[in-house]
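Everything on this sheet refers to the single structure shown next.
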Amino acid sequence: MKKERKLIIAGNWKMNKTVAEALDLVRGLRIELGHIKEADIVICPPFTALPAVSQAIMNSTLRLGAQNMSENNFGAYTGEIAAGMLKEFLVRYVILGHSERRQYQKETDALISKKALAAHAAALKPIVCVGELLSEREAGQTETVLRAQLSGSLAGLTPGQMEETIVAYEPVWAIGTGKTATAAQAQEAHAFIRGQLRKLFNDAVARRARIQYGGSVKPSNARELMGQEDVDGALVGGASLDDRSFSDIIRNSVS
Ligand code: PGA
């Protein structure tokens with residue numbers, strides 16, 4: 001199926017993989033995915049594996065992403081990593097505002113927007129995550145939550161920067177639970193998000209910006225999800241930790 005926007009499929013390894021394990025996985029991915037050009041493929045290892053993985057994906061179609069970064073460029077911020085440090089390892093993407101960071105590190109929309117601006121200043125493409133909790137969906141608040149997250153997390157971006165920003169719609173109840181949103185639920189949320197991008201920016205931005213779905217994406221549901229008009233890719237957690245399942249997701253998405 002030919003889509004207007006190029007699919008972007010990213011693997012979020014979260015806090016998994018030593019350097020040796022990461023290199024093993026990348027070896028498999030290079031063999032399985034080396035020839036695929038129909039989708040942008042991004043892998044997001046933990047910080048400690050970035051240097052080795054960066055070397056290991058040289059001269060391949062795989063691209064590198066980080067899972068977080070500081071909103072500051074340098075200085076007395078113990079334990080933080082700046083965009084410029086990621087650039088040293090040819091990182092091109094950075095996941096921002098993942099629901100796990102919103103929950104455990106109490107990241108706010110205002111902080112996420114600062115990080116998104118800092119990412120763009122360093123020519124990194126942010127993957128900005130949004131998504132509702134189960135209780136919010138059940139209370140009929142999905143659109144209200146998404147509207148607030150989008151206007152807060154994308155605040156201050158220029159239309160040009162927004163075109164180079166990826167939004168990941170990740171309903172929190174679907175992350176790591178094995179419970180995927182149905183294709184219809186995903187499409188409905190993605191269409192709503194695109195409508196918000198039109199309101200916050202303009203029509204061209206809304207047409208060009210890519211919106212990924214995340215939450216228990218697996219080989220068996222990838223094709224149907226990616227077949228939805230406003231679904232432009234996937235942010236994959238658990239199933240990205242295995243070369244076969246991540247490769248099958250990508251193959252099923254592009255075929
Ligand atoms: P999952 O995680 O695929 O394991 O549900 C998705 C994510 O958190 O990005």
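The values are calculated or read from the model by the stated rules, or taken from the named source; none is laboratory data. Being a predicted model, the structure only gives us computed values, none of them experimental. When we count neighbours, we look across all protein chains shown, and the Cβ atoms used for this are built from the backbone with ideal geometry, even at glycine.
Restricting Ala204, Ala186, Ala191 to those that are buried (at least 21 other Cβ atoms within 10 Å of the Cβ) and either among the aliphatic types (A, V, I, L, M) or in contact with a helix residue (DSSP H, G or I) (Cβ under 7 Å, 6 or more places away or on another chain) (or both) reduces the list to Ala186. Take the residues in region 81-95 that are in a strand (DSSP E or B) and of a type outside the set (Ser, Thr, Tyr), then tell me which one is nearest to Ala122 (Cα to Cα). Out of the qualifying residues, it is Val94. Evaluate the following for Glu80: is it more than 24 Å from Lys218 (Cα to Cα), exposed (fewer than 14 other Cβ atoms within 10 Å of the Cβ), over 19 Å from the mean Cα position of the chain (by Cα) and of a type in the set (D, E, K, R)? Against the criterion (more than 24 Å from Lys218 (Cα to Cα), exposed (fewer than 14 other Cβ atoms within 10 Å of the Cβ), over 19 Å from the mean Cα position of the chain (by Cα) and of a type in the set (D, E, K, R)), Glu80 does not qualify. Among the residues of region 132-181, those identified as modelled with pLDDT of 95 or more, of a type in the set (Ser, Thr, Tyr) and within 16 Å of the ligand (Cβ to nearest atom) are Ser153, Tyr169.
Please determine, by comparing only the residues of region 14-28 that are surrounded by 21 or more Cβ atoms within 10 Å (Cβ to Cβ) and without any contact (Cβ under 8 Å) to a residue 40 or more places away in the chain, which one is farthest from Ser255 (Cα to Cα).
Here the answer is Ala22.
Within region 86-107, residues that are within 14 Å of Met15 (Cβ to Cβ) reach partners that are away from the ligand (no atom under 13 Å from the Cβ) and not in a helix (DSSP H, G or I) with beta carbons closer than 6 Å, at six or more positions or on different chains, in the pairs Arg101/Glu107. Every condition in (1) surrounded by 18 or more Cβ atoms within 10 Å (Cβ to Cβ); (2) over 17 Å from the mean Cα position of the chain (by Cα) is met by Gln149 except one, and the failing one is (2).
I'd like to check something: does region 44-61 contain any residue that is of a type in the set (Val, Ile, Thr), in contact with a helix residue (DSSP H, G or I) (Cβ under 9 Å, 6 or more places away or on another chain) and closer than 16 Å to Arg251 by Cβ? Taking every residue of region 44-61 in turn, at least one turns out to be of a type in the set (Val, Ile, Thr), in contact with a helix residue (DSSP H, G or I) (Cβ under 9 Å, 6 or more places away or on another chain) and closer than 16 Å to Arg251 by Cβ.
The rows are residues; the columns are (1) modelled with pLDDT under 95; (2) in a loop (DSSP other than H, G, I, E, B).
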{"residue": "Asp40", "(1), (2)": "no, no"}
{"residue": "Ala49", "(1), (2)": "no, no"}
{"residue": "Asn59", "(1), (2)": "yes, yes"}
{"residue": "Ala76", "(1), (2)": "no, yes"}
{"residue": "Lys114", "(1), (2)": "no, no"}
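If you go through region 225-251 and keep only what is in a helix (DSSP H, G or I) and surrounded by fewer than 24 Cβ atoms within 10 Å (Cβ to Cβ), you end up with Gly238, Ala239, Asp243, Arg244, Ser245, Ser247, Asp248, Arg251.
Taking each residue of region 29-50 that is over 23 Å from Met226 (Cα atoms) and looking for partners that are in a helix (DSSP H, G or I) with beta-carbon atoms closer than 7 Å, six or more apart or interchain, yields Pro45/Ala22; Pro45/Val53; Thr48/Val19; Ala49/Val19; Ala49/Ala22.
Inside region 172-183, can you point out the residues that are in a helix (DSSP H, G or I) and either touching a helix residue (DSSP H, G or I) at 6+ places or on another chain (Cβ under 6 Å) or farther than 19 Å from Glu100 by Cβ (or both)?
Val172, Trp173, Ala183 - these are the residues of region 172-183 that are in a helix (DSSP H, G or I) and either touching a helix residue (DSSP H, G or I) at 6+ places or on another chain (Cβ under 6 Å) or farther than 19 Å from Glu100 by Cβ (or both).
Rundown of residues vs (1) more than 16 Å from the ligand (Cβ to nearest atom); (2) in contact (Cβ under 8 Å) with a residue 24 or more places away in the chain, yes/no style:
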{"site": "Gly195", "(1), (2)": "yes, no"}
{"site": "Arg198", "(1), (2)": "yes, no"}
{"site": "Ala204", "(1), (2)": "yes, yes"}
{"site": "Lys218", "(1), (2)": "no, yes"}
{"site": "Leu225", "(1), (2)": "no, yes"}
{"site": "Val236", "(1), (2)": "no, yes"}
{"site": "Ser240", "(1), (2)": "no, yes"}
